[in-house]
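The values are calculated or read from the model by the stated rules, or taken from the named source; none is laboratory data. Worth saying up front: this structure is predicted, and the values here are computed from it rather than measured. When we count neighbours, we look across all protein chains shown, and the Cβ atoms used for this are built from the backbone with ideal geometry, even at glycine. These area figures cover heavy atoms from the full protein model, side chains too; ligands, DNA and RNA do not enter into them. Shrake-Rupley method; radii C 1.70, N 1.55, O 1.52, S 1.80 Å.
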Amino acid sequence: MKKIAFFDTKPYDKIWFDEYNEQFELDYFEGKLNRKTCRLLRGYDGVIAFVNDDIDENVIDTMYEEKVPVLAMRCSGYNNVDIKAAKGKVKVLRVPAYSPYAVAEHAMALLLTLNRKIHKAYIRTRDFNFSLNRLIGFDIHGKTVGIIGTGQIGQVFASICRGFGADVIGYDLYPSEKSGINYVDLNALFQKSDIISLHCPLTKETHHLINKDSIAMMKKGVYIINTSRGSLIESQALLDGLTSGRVGAAGLDVYEEESDLFYEDHSNLVIKDDILSILVSRPNVIITSHQAFLTEEALKSIANITLSNLSEYFQTGSCSNEITDP
Ligand code: NAD
């Protein structure tokens, strides 16, 4: 039986991997995979990792030295893997799609919560405070929603927004003709949108796509939703935009410095990240800890596809879900 080391394990991962696994010996590690923990890989045939593992050149070289030929990412994004270093040494597999609905619906949940102040109303009514002061929202109907990255998740989010009667505009390096989205250039999207939702991958080109200059172009009071990757947004620029009022609200499922924080309980500690501390304290910011994928359907699908990727690799030496770029 092939031995697979599974990193950054949470109870909700184990449920479905244990349910669907028939052919591998899965060893679950709670810690993340990084240059310190990669020494654990001796004797394994493969690795399963996730979004906040840090799979740099060092980890790849250790896998190569220890003859661990395959890394199966149980996610779609792979910005945390040094793909260049892996070339010719380690096959990197991923789950290109599991439930675009999970992520797109979470983006809409963030938008609706912020706009209709559900987070404030929930706290008020638990204290029998039934005042409506400062709870005013706006109709999404008739507003312009700008979507950056119109792949699987972006297109589902577009159709949800159309259901609300919004005008959807989009920007993508590779526009999809059948999406029905009205494509504009990036600056026009920044200038025209009442709501901007990010659904492109994190790459060199998209790093800090939302920065001081792009925020300066946006409509006053714009809502920014990010369920993609934290480093698409320059956090200090976002904070400045929120302080000046240029940005009306931000719904963030991801944060650029999330890797040492998200998925763990830090409620007893003083958080040393001042930007995050201020963002969390703002009434017009909602942060969720990279949970947009967290539906039962998505978890089942992630487990199924990750296991079948490994199976395909061990049977044939290659896999249809292998990452081959750059
Ligand atoms: P996808 O590959 O189907 O779509 C991505 C789209 O972005 C593509 O259409 C691509 O052409 C476009 N794109 C690439 N570079 C671009 C650029 N420079 N500017 C504009 N558009 C660009 O991917 P997807 O399944 O829709 O996922 C999108 C992203 O969502 C992933 O990369 C991942 O980072 C993130 N994600 C987050 C969660 C979560 O739990 N928060 C879960 C899954 C995926």
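Details
- Size descriptors for region 81-181, from the alpha-carbon set: Rg then Dmax equal 19.2, 63 Å.
- Principal axis box of region 219-326, alpha-carbon based, largest edge first, Å: 57, 37, 27
- Pairs from the list LYS10/LYS300; LYS36/LYS204; LYS143/LYS192; LYS87/LYS300; LYS84/LYS178 with a Cα-Cα gap above 21 Å: LYS36/LYS204; LYS87/LYS300; LYS84/LYS178.
- Approximate shape of region 115-229 as ellipsoid semi-axes (Cα gyration tensor, √5λ), whole Å, largest first: 29, 16, 14
- Remark: C-alpha extents of region 1-121 on the principal axes read 55, 32, 24 Å, sorted largest to smallest.
- Checking every one of the GluC sites (Glu not before Pro) in region 252-312 against DSSP loop status and a limit of 15 other Cβ atoms within 10 Å picks out GLU257, GLU264.
- Gyration tensor (alpha-carbon) shape descriptor, region 165-223, a/c threshold 1.5: oblate
- Whole-number percent relative contact order across region 1-91, with pairs defined as alpha carbons under 8 Å at least 6 apart: 29
- Phi angles of region 258-269 translate, via the Karplus equation with coefficients 6.51, -1.76, 1.60 and θ = phi - 60°, into HN-Hα couplings of 6, 4, 8, 10, 5, 6, 10, 8, 10, 5, 9, 10 Hz per residue; Gly and Pro are given as x.
- Carbon plus sulfur fraction of accessible area for region 70-135, probe 1.4 Å, in percent: 55
- Column: log10 I(q)/I(0), Debye, Cα scatterers of region 157-298, q = 0.18, 0.21, 0.22 Å⁻¹: -1.13, -1.45, -1.54
- Length-normalised contact order of region 19-173 in % [C-alpha pairs under 8 Å, at least 6 apart]: 16
- Peptide ranges 282-290, 10-18 listed from the most packed, as the mean C-beta count within 10 angstrom indicates: 282-290, 10-18
- The distance from the alpha carbon centre of region 89-129 to that of region 5-83 is 26 Å, rounded to a whole number.
- For region 203-247: rounded, prolate or oblate by the Cα gyration tensor [a/c cutoff 1.5]: prolate
- Quotient of Cα Rg and 2.2 N^0.38 Å for region 128-172, N being how many residues it contains: 1.56
- Here is how the number arises for the chain: DSSP H runs of 4 or more residues each give -39500 (n - 2.57), the sum is divided by the residue count, and the result at 222 nm is -10500 deg cm²/dmol.
- Crossing angle, helix 11-20 versus the chain [Cα axis fit, 0-90 degrees, rounded to tens]: 50
- Cα gyration tensor, region 247-302 - rounded (a/c under 1.5), prolate or oblate: oblate
- Looking at region 60-186, the accessible area is 52 square angstrom per residue; that uses a 1.4 Å probe and ignores ligands, DNA and RNA.
- Under the criterion of Cα pairs below 8 Å and six or more residues apart, the relative contact order for the chain equals 17 percent.
- Sum of side-chain charges, LYS87 neighbourhood, beta-carbon under 12 Å (Lys, Arg +1; Asp, Glu -1): -1
- Computed over the chain, the P(r) curve from all C-alpha pair distances, binned at 10 Å from the origin, holds 5, 25, 31, 24, 12, 3, 0 percent per bin.
- Phi angles of region 289-295 translate, via the Karplus equation with coefficients 6.51, -1.76, 1.60 and θ = phi - 60°, into HN-Hα couplings of 8, 6, 10, 4, 7, 7, 10 Hz per residue; Gly and Pro are given as x.
- Euclidean distance between Cα centres, region 214-228 to region 139-196, Å: 13
- Carbon/sulfur fraction of accessible area - region 154-295, other protein chains in place, 1.4 Å, %: 51
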